[in-house]
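**Q** One structure, as C-alpha cells, below. Some questions next.
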Amino acid sequence: MMGQVKARPVRGGLLLLAAILALSLNAAPAAAQTGAQQPERQETMSQREPSPYTVPSDAELRKTLTPLQYHVARESGTEMPFDNEYWREQRPGIYVDIVTGEPLFSSRDKYLSSCGWPAFTAGLEEDLIVEVEDRSFGRLRTEVRSALGDTHLGHVFENDPESPNGTRYCINSASLRFIPLEEMEAQGYADYISLVQGEE
C-alpha cells in the first residue's frame, strides 16, 4: 500500500481549490465538443543541459588507466591503506572521477583519517554518488559508486569519531584524480571554485 502524500500548505487554499474546480468543469465540456487533444508535456530530461562528462569504452579505459586504477574503478578492488596517492593530500582543490572527470569531492570536506585512505565528510552533490549494499567478505557495508561513471569509489561509514560530522566516505585514491585549486579554472572546473574556497 502506498504511503500518503502530504500536500504543502497553500495560502487561500479553499479559494484556490474552488477556482481550479470551476475551471476544470468549464474546460471539460469544451474539450469533449471539439475533440481537441491536450498537448503532450515535454520530458523533464529533454529540458536539462547534457552532461559534459562521458563514460569511455572499456577498451579506452584499459589504455588510459593504470592496472591499479582499472582494478579498483572497474573491478571493485581496493588499494593498500597508507600507501596511496591522496591519503595525506591537504592542498585545496577538488577530486574528480578517474573514469569520467565528473567532480565528486572537495578538499573542504576532507580530513586526515587513521583508516589510511582519503576520507571525506560528504560529497560535492548528493546525486553524484550512489550507495549500494555490499555483503562481501561476510560483512554488511555500504559501497559508494559514482552515478554517471559507475566507478567503484569505496565505502561510507557512520559514527566515525574522527569525522567532524560522524560520516566517513572512505575512498580509494585510485578512483580519483585531484585537481589543485590553482588549476581548476584552466581544466574547466571554474564553477566549483567557490565550493573549495567556501564562498557563499
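Bear in mind that the values in this text are calculations on the coordinates, not laboratory data. Note that the structure is a prediction, hence the values are computed from the model and not measured. Counting neighbours? That spans all protein chains shown, and the Cβs are built from the backbone with ideal geometry, glycine included.
**Q** ³J(HN,Hα) across the range 67-84 via Karplus (A = 6.51, B = -1.76, C = 1.60, θ = phi - 60°), whole Hz, x for Gly/Pro?
**A** x, 5, 4, 5, 4, 6, 6, 9, 10, 6, x, 9, 7, 6, x, 6, 9, 9
**Q** Right, here's the next one. Enter the Cα centre distance for the pair the range 101-121 and the range 145-200, rounded to the nearest angstrom.
**A** 5 Å
**Q** Under 5 Å between amide H atoms, partner at least 5 residues away or on a different chain: which partners does LEU104 have, H built in plane at 1.01 Å?
**A** HN-HN under 5 Å from LEU104: TYR95, VAL96, ASP97.
**Q** Between PHE157 and residues 5 or more places away or on another chain, which pairs have amide H atoms under 5 Å apart, with H built 1.01 Å from N, and which residues are they?
**A** ARG168, TYR169, CYS170
**Q** How long is the gain from GLN90 to GLN197 if the chain were fully straight, where each residue apart is worth 0.36 nm and the alpha carbon distance is subtracted? Display every interim value, and only then the final one.
**A** Values: separation 107, 0.36 × 107 = 38.52 nm, distance 1.36 nm.
Separation in residues times 0.36 nm, less the Cα-Cα distance, equals 37.2 nm.
**Q** How do the peptides 124-130, 52-58, 146-152 rank, highest first, by the average count of neighbouring beta carbon atoms within 10 Å per residue?
**A** 146-152, 124-130, 52-58
**Q** Could you list the square roots of 5 times each eigenvalue of the Cα gyration tensor of the range 58-197, that is, the equivalent ellipsoid semi-axes, sorted largest first and rounded to whole Å?
**A** Output for the range 58-197: semi-axes of 21, 19, 14 Å.
**Q** Another one. Can you tell me the FRET efficiency between ALA190 and GLU158 if r is taken as the Cβ-Cβ distance and R0 is 30 Å, rounded to the nearest 0.05? If you can, show how the numbers build up before the last one.
**A** Values: r = 34 Å, r/R0 = 1.12.
So, using R0 = 30 Å, E works out to roughly 0.35.
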